[in-house]
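Asks: Take a look at the following structure, please.
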Amino acid sequence: ERVETLPVQRPPSPGTQRTRCWERSPLAMRAVTTALLPRAAPLLAALGAAQHHGRFSRRFHARPSFAGQERTWRADRPVGLDGVNRSWLPSPTELEAQPLVRRSKQFARDLRNWGRYAKALRCVACNAPVTEVRTPCVGLGSLVVSFAQAYARAVAAGNTTRLVQDQCGWFAKDQSRSCSELFGCYAPSLQEACPPEACGVLAKPSGVKLLRKWGPTLHFSAVLYLALHGHLGLNREAPPPLGRADCAVVHVRRGDACVNTNRRCHSNDEYVEAARQLKDAYGLESLRVVSDDGNLPLDRWRRLGYDVEVLSRSEAYDVSRSVAGAAKSLRDHFPEKRMARGELGPTATQDALRDMLGPRTLECRAFVGSFSASMSKAIFAQLLIRHRRVPPFVSVGGCVRQARFFDADAEEYPRCAASPPTEAERRRNRAAALRERRERFGRVQNRDTLRDPPVCAARLLGKRGVLAVAGADLGAAAATVFFTAVVNHALHAERFDLLPWASLGLADNPLVYDRGRHDGKQGLWATYFEPLESVALRRAFDDGTIADPRDPERGDVVCATLRAPELCAELDTCPRVASSVAQFFNKTVNASQVPVFRKSGQWRLWMHKKAPWNVRAWYYGPKRTLPRNLTTYNASWFASQRSRAHRALQKYVRFRADVVKRAAEVLDALASSKETDLLAVQAGASKCLVGVHARGTDADGRRSVQPVEAYVAVLAPVCSQLGSALAVYVATDDVAIASHPRWRALSCRVAVASGVRRGSDGKAAFEVHKDRHATNVEVLTDVAVLSSADALVHGASAVSEAAQWLAWPPVWRQPCGSASGAY
């Protein structure tokens, strides 16, 4: 639930002479109410009259941040393995905030550039220096890891690599392939043909950039993945956040480790406990197992709720102690020795490599294994590159810093397991605990559901009570419920020192409430927006208005000064103060302590229609609050309404991620040459965006509804000047308006969203379509897109005013990129 805030280009200095498309455009005003301006003459006369605002200037092809949105990163620059020891099980939010996800585009670009460099080294035509790597015939996992370690050093030095190895039983005795070497048979060849022009990349220092920027573990993982697969999997889309349907892979290492006194044979209890930790953290439902032992705790894993699948064919390469019949000494138990004696089956090498690098193994998103085993190291390294993120993991033996080394495996284990946490690890653990507490506090303030009043949030904010926002009137649709009603309740709450709380139910909001979607703990409002109280708390903490009691080091001092600390004891915001007021732990906060005010439907209707202090979307309400002349556009009256509404929205309202994502996809499609779900009259990229909101259907007869010709008359002069550099996004609730042929008469790029549920024949969308959730998302997407436009042409509508409120101060004061790219 994050929105990326992209850097914006500052406007040029006053002395710089640049040609702005806005200066050349007749569309010099941002807001045009077609119901009040039936002709474009006053608009065209305003050419050159716009005063450029000093806030910022943005190109349309850069994704804008919506009004009120924030994005803060919860992780720092390192890959995330610094200070991590044997396990890494962050919260789902922190998992998606790790650097490889946070900087995914930059990481993918660096990995792609490094891949070109590494593949050029393998190219025969490039004649790169050769480093010969000699490895003894050891375990198959150890052979792969030791080669990858040497290969990584060679790539960093600008050399290609050749594996030189004497006859090894893994390949000489395996009958699945008619060859006797790893690369060029079981794995891609280390040399390949390429055109001579591909060698030009070797002149750039790309070979060490990945190592310097992202660290040695990731560099080793990239080398190993490239060696085993011949590519880096960058054509595969980045995976979504970890979900219950994803699987975890478990590598159980036994074999000679169970007879080697220098190593440890980990029990089934340890692997079951590790799987339980993953289950508790993420609720994963599927477990895939690779092992060299047939004695596995399958039933115990299933009792944890996993669907267990064993990928290994134990009859092919089971190297457990029970089948080592011919072993006379410790060395005779080593798997490479047993393979040479023919004890592991004719296809053991192929089966083991399938377990190591097969798609069924690498599809999984979490890992349980032992970093004292080379096979675990190889699987973990491949998961990191395949999914382009550090997977959550639990190691039953060894620590993660062993993953990039071929070592004696056992030497690092006691230090990793028994050593106290380092200072970096302590800082990381404290930061993770603080983040988790903040997340928990910010979500519900320890309420059972968001449907419970935020009494403790009100206490922390110093409010004298809570005001329930129940809705507007029974006939209100999405924009009125989500914006007009919330803004006016927020204004009333601030007047009486109350905290607004969205409590939108079915009885008061029948046109926007979907029982299948909104009957849960989160409710109607939190499906599309962050809770009002959470936004207010975050803003107060960030601004320093109140000290943050969530910090375990500073929180006690803050909570000690609260007038009623017992009201927050259950939130775990003041742990040590809470112990002194333990008698209040089971005490229910009632209305006498923090009153909750719920207004009647009659009062809400009065507030929406007749209250002299409320914010209005157009001319309605008491005459004394309206301009004298209701037939013209009164800029000062609309400015006062929009500025007051913007202040309330900025303080309490934040979109959730799904609405933002849909709006960003529309904006990206308009700014580029691609088409997603837009029906565009012309193809091509655009740099200026004009939003049009044409209200139709049931509004006709209740207010002035303008024909399509009125909008076209305003847009035509602008389109004729800017051509394809101008994109016009038409948002409408009427099928007839969306399909009107006059839009095609414009010479610029006009786009109308397809597949949107619209009304027809005077009936609104919510009368024609019963999917309330879908219509809500579509309306809110239109509001977000319109609020990001460089200009807005609209009639009297709550949707268009909501966009104005979000985008205030007026965006029309900002210059728009011209066809040549200048401002």
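Asks: Are any of the residues in the stretch 236-248 at pLDDT below 85 and at negative phi?
Replies: Yes.
Asks: Quick one: is residue 586 open to solvent by 20 Å² or more (accessible area, probe 1.4 Å), part of a loop (DSSP other than H, G, I, E, B) and modelled with pLDDT under 85?
Replies: Yes.
Asks: Quick one: residue 235 ticks every box in (1) within 36 Å of the chain's Cα centre (by Cα); (2) of a type in the set (S, T, N, Q); (3) under 30 Å from residue 344 (Cα atoms) except a single one, so which number is it?
Replies: Condition (3) is where residue 235 drops out.
Asks: Another question, then. Of the numbered conditions (1) basic (Lys, Arg); (2) at pLDDT below 75; (3) part of a helix (DSSP H, G or I), residue 604 satisfies every one except a single condition; which is it?
Replies: Failing condition for residue 604: (2).
Asks: Could you check the stretch 93-190 for helices (runs of 4 or more DSSP H) lying wholly inside it with 1 or more residues that are surrounded by fewer than 19 Cβ atoms within 10 Å (Cβ to Cβ)? Let's see the steps before the verdict.
Replies: Details: elements: 99-102, 104-122, 140-156, 169-172.
The qualifying helices (runs of 4 or more DSSP H) are 104-122, 140-156, 169-172.
Asks: Of all residues in the stretch 385-403, which are surrounded by fewer than 22 Cβ atoms within 10 Å (Cβ to Cβ) and more than 27 Å from the chain's Cα centre (by Cα)?
Replies: Within the stretch 385-403, 399, 401 meet the criteria.
Asks: Within the stretch 503-510, does at least one residue satisfy the condition of being assigned to a helix (DSSP H, G or I) and open to solvent by less than 40 Å² (accessible area, probe 1.4 Å)?
Replies: no
Asks: Right, next: Identify all residues within the stretch 685-697 that are modelled with pLDDT of 90 or more and surrounded by fewer than 24 Cβ atoms within 10 Å (Cβ to Cβ); write none if there are none.
Replies: none
Asks: Looking at the stretch 698-745, which of its residues are open to solvent by 10 Å² or more (accessible area, probe 1.4 Å), assigned to a helix (DSSP H, G or I), under 26 Å from residue 780 (Cβ atoms) and modelled with pLDDT under 85?
Replies: Matches in the stretch 698-745: 698 only.
Asks: Moving on to the next point. Just name the residue that is farthest from residue 228 (Cα to Cα) out of those in the stretch 328-362 that are among the polar types (S, T, N, Q) and in a loop (DSSP other than H, G, I, E, B).
Replies: Result: 329.
Asks: Let me ask another. Name the residues in the stretch 780-823 that are among the hydrophobic types (A, V, I, L, M, F, W, C), closer than 22 Å to residue 619 by Cα and either modelled with pLDDT of 90 or more or not in a loop (DSSP other than H, G, I, E, B) (or both), would you?
Replies: 783, 786, 791, 792, 793, 798, 799, 802, 803, 805, 806, 807, listed by residue number.
Asks: Within the stretch 272-300, how many residues turn out to be within 17 Å of residue 242 (Cβ to Cβ) and more than 31 Å from the chain's Cα centre (by Cα)?
Replies: 0
The values are calculated or read from the model by the stated rules, or taken from the named source; none is laboratory data. Just so it is clear, the model here is predicted, and its values are computed rather than measured. In this analysis, Cβ positions are derived from the backbone assuming ideal geometry, glycine residues included, and neighbour counts consider all displayed protein chains. Heads up: the accessible areas ignore ligands, DNA and RNA and are worked out on the full protein's heavy atoms, side chains in. Shrake-Rupley method; radii C 1.70, N 1.55, O 1.52, S 1.80 Å.
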